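S.K.: Dropping the structure in here first, questions after.
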Amino acid sequence: MAPKPKILIVDDEERFRNTMRKLLSIEDYEASVAGSGSEALDELHKNNYDLVILDVRMPEVSGVQVLSEIKKLDPTIEVIIMTGYASVDTAKEIMKLGAYDYLLKPYAISELLEKIDAAYERKLGRRQLTEP
Amino acid sequence: MEKFRVLIVDDEIDFVETIVKRLKDRGLDAVGATGGKEALELMEHKDFDVAVLDVKMPGMDGIETLREMKKRKPLMEVIMLTGHGSVESGIQGLQLGAYNYVMKPVPLNDLLKQMTQAYERKLIEEGRER
Amino acid sequence: MAKRLNSRFFPYIPSVLVLASAVLTGVFSEPWQAVVLLVIAGIAYINAKGTVKTIDKAEEACRTLNEQLCRAEKLSTVDELSAGIAHEINNPLGIIAQETQWIKHVFKSKSLQKLKEIEDCADSLNQICMQVDRCKEIVHKLLSLARELEPVIQCLDLNELVSQMTNIVKKEMEERNIKILMNLETNLPLVYSDPPLLRQVVLNLLINAAHAIERDGEICVSTMAVSPQSVKVIVMDTGCGIPKEHVDKVFTPFFSTKKQGKGTGLGLAICRGIIERLGGNISVVSEFGKSTAFTIHLPINRIPQGDILHGS
């Protein structure tokens, strides 16, 4: 079986993050959840993750802030941004900050899986480039 | 004319080959792809200024490809090409940020004019970003 | 009210003052002095009247400016509001979509598949998914209304742009026996505006015209220069027209006379948003049951030479 990434889901809606974790587990993806930006950053300091799925609009620390923090912490962690809306401008901003892709809510599960696989592939590709 | 980078996407190989050759003759840096997936892959490795995109393609269609292109490279301008103007895809394409929606067959000079204007727009937007 | 009275009587005040002071100081010893004074009083009156006119004009200008500001303010409130609504609605929709995915997964379990009713439930579930998609689409259209569009100004040939858009709809119109007449002014000046945004508006108006006609009719597209500063585009159709009581509302978001599920009532609102951002305006005249004409006024916005990136 192909290797699967370790995923962290960050969303302030408890029901949303938990169901997403359940849906990913059906497809054999291992995921943890965090309910806020600061919780997510704590978790990322403690454990290694390949991929973060991050809601953009959260109280206190916004997704965009968390994104730049993640990229400071470890630029090889790929981030998929989730958002209820994406104008060309917000999309531009998000991609400029180094997100791999973004996912519009409500999303289809196939779409999510495709993006996860593509992001992980890029991360693996990067590792091969940097490691001798 | 300034040399800019163009990506031609159409499922008809003959069309792509001919137009790429003729654009190269006019001094443009032109590359062809025969499907949406292939186009997106090419975009991973190279920046393009303008894409010319067929609306009706098997597999990933033009509208879907446009959506992905704009997501990855919002500043790249896209001209949609269509064989039989579909009103629905026309308005959809423009709403998704296509520069224009052009009916086939289009004389090369007209297409070239459209591409130059689209390129001009990209330069203006890039200037704004800085 | 008090202000109106003021402006009516104000012009007399200086003249009355001149005459009164003359009477009080008793300068009317000679007839010619009275004549001179009357002339002075007359001049004072004319001057004062002029001042009032100027003030009225300034007030009028102030009022229009205020109205414009109000509209601009309203626009930005609508923008913010719709971005907010989109967020607040898409998040719960996201949860609904996920939960239905989960139920679909649960339904696959062997023990449940034996149940006859499960097929019914699956059918309902599919319906829920479809409706979620529908909401999603509406929200995204709403967003394109709110999207902050910063126009990119390029030199463009309006006649060419209009013809291109007409070409797109031509075939579908022919099938419905709708004739398209073009009445383009040959010496139309080039316009500095945002081409893709204008294409969207023109195509939208053409589609609207076709909707109004359904079958058998005419659409007439014209362009003309209005002044050295502006041009206009008119899209006229011989369709169903708009009832008088609805004419004011056609540009309002979510106002639609189309059947439920058809059209979101955002097309014309988006058009107005775009045209106003381009510094123009859009209006409609309609005769119910007969015809409708949408008119776009656009500024030419001549840019001083040298500012254009690539003169064509």
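The values are calculated or read from the model by the stated rules, or taken from the named source; none is laboratory data. Because the structure is a prediction, the values reported are computed rather than measured. Note that we place each Cβ from the backbone using ideal geometry, even for glycine, and neighbour counts take in every protein chain shown.
S.K.: Of the numbered conditions (1) closer than 28 Å to residue C:138 by Cβ; (2) not in a strand (DSSP E or B), residue A:41 fails exactly one; give the number of that condition.
M.R.: (1)
S.K.: Going by what's in this entry, would residue A:107 be described as at pLDDT 80 or above, assigned to a loop (DSSP other than H, G, I, E, B) and within 14 Å of chain C (Cβ to nearest Cβ)?
M.R.: Answer is yes for this residue.
S.K.: For the structure I just gave you, tell me whether residue C:123 is more than 25 Å from residue B:79 (Cα to Cα) and among the charged types (D, E, K, R).
M.R.: Considered against the rule, which asks whether it is more than 25 Å from residue B:79 (Cα to Cα) and among the charged types (D, E, K, R), residue C:123 comes out as yes.
S.K.: Looking at segment B:27-45, which of its residues are over 30 Å from residue A:101 (Cα atoms) and surrounded by 13 or more Cβ atoms within 10 Å (Cβ to Cβ)?
M.R.: Selection gives B:28 alone.
This table checks each residue for (1) more than 9 Å from chain A (Cβ to nearest Cβ); (2) basic (Lys, Arg); (3) in contact with a Leu (Cβ under 6 Å, 6 or more places away or on another chain).
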position	(1), (2), (3)
C:88	no, no, no
C:97	no, no, no
C:101	no, no, yes
C:115	yes, no, no
C:121	yes, no, no
C:128	yes, no, no
C:132	no, no, yes
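S.K.: Name the residues in segment C:204-248 that are surrounded by fewer than 17 Cβ atoms within 10 Å (Cβ to Cβ) and assigned to a helix (DSSP H, G or I), would you?
M.R.: Correct list: C:211, C:244, C:245, C:246, C:247, C:248.
S.K.: Hey, residue B:92 hits all of (1) under 20 Å from residue B:15 (Cα atoms); (2) more than 9 Å from every other protein chain (Cβ to nearest Cβ); (3) surrounded by fewer than 21 Cβ atoms within 10 Å (Cβ to Cβ) but one; which does it fall short on?
M.R.: Unmet condition: (1).
S.K.: Looking at segment B:105-125, which of its residues are farther than 16 Å from residue B:51 by Cβ and more than 9 Å from chain C (Cβ to nearest Cβ)?
M.R.: Once the filter is applied, which keeps residues that are farther than 16 Å from residue B:51 by Cβ and more than 9 Å from chain C (Cβ to nearest Cβ), segment B:105-125 yields B:105, B:107, B:108, B:109, B:110.
S.K.: Could you check, for segment B:50-69, whether at least one of its residues is out of contact with any strand residue (DSSP E or B) (no Cβ under 7 Å at 6 or more places or on another chain), of a type in the set (D, E, K, R) and within 12 Å of chain C (Cβ to nearest Cβ)?
M.R.: yes
S.K.: Would you check which residues across segment C:80-111 are surrounded by fewer than 17 Cβ atoms within 10 Å (Cβ to Cβ) and at pLDDT below 85 and list them?
M.R.: Correct list: C:80, C:81, C:84, C:85, C:88, C:109, C:110, C:111.
S.K.: Report the residue count in segment B:77-89 for those that are surrounded by fewer than 20 Cβ atoms within 10 Å (Cβ to Cβ) and within 7 Å of chain C (Cβ to nearest Cβ).
M.R.: Counting residues in segment B:77-89 that are surrounded by fewer than 20 Cβ atoms within 10 Å (Cβ to Cβ) and within 7 Å of chain C (Cβ to nearest Cβ) gives 2.
S.K.: Yes or no: segment C:183-191 includes at least one residue that is within 12 Å of another protein chain (Cβ to nearest Cβ), buried (at least 22 other Cβ atoms within 10 Å of the Cβ) and in contact with a Leu (Cβ under 6 Å, 6 or more places away or on another chain).
M.R.: No, that holds for no residue.
S.K.: State which residue is farthest from residue C:283 (Cα to Cα) when the search covers only segment C:195-226 and only residues that are in contact with a Ser or Thr (Cβ under 7 Å, 6 or more places away or on another chain) and more than 10 Å from chain B (Cβ to nearest Cβ).
M.R.: Applying the filter and picking the extreme gives C:217.
S.K.: Here is a further query. Can you run down the residue pairs with Cβ atoms below 9 Å, 6 or more apart or on separate chains, where the first is in segment A:1-22 and over 19 Å from residue A:67 (Cα atoms) and the partner is among the hydroxyl-bearing types (Ser, Thr, Tyr)?
M.R.: Qualifying pairs under 9 Å: A:3/A:120; A:4/A:29; A:4/A:120; A:21/A:29; A:21/A:32.
S.K.: Shifting gears a bit: Inspect segment A:53-76 for any residue being farther than 29 Å from residue B:73 by Cα, under 14 Å from the mean Cα position of the chain (by Cα) and in a loop (DSSP other than H, G, I, E, B) and give the result as yes or no.
M.R.: no
S.K.: Can I ask one more? Does residue A:23 satisfy being facing chain C (nearest Cβ under 9 Å), among the aliphatic types (A, V, I, L, M), surrounded by 15 or more Cβ atoms within 10 Å (Cβ to Cβ) and more than 22 Å from residue C:143 (Cα to Cα)?
M.R.: yes
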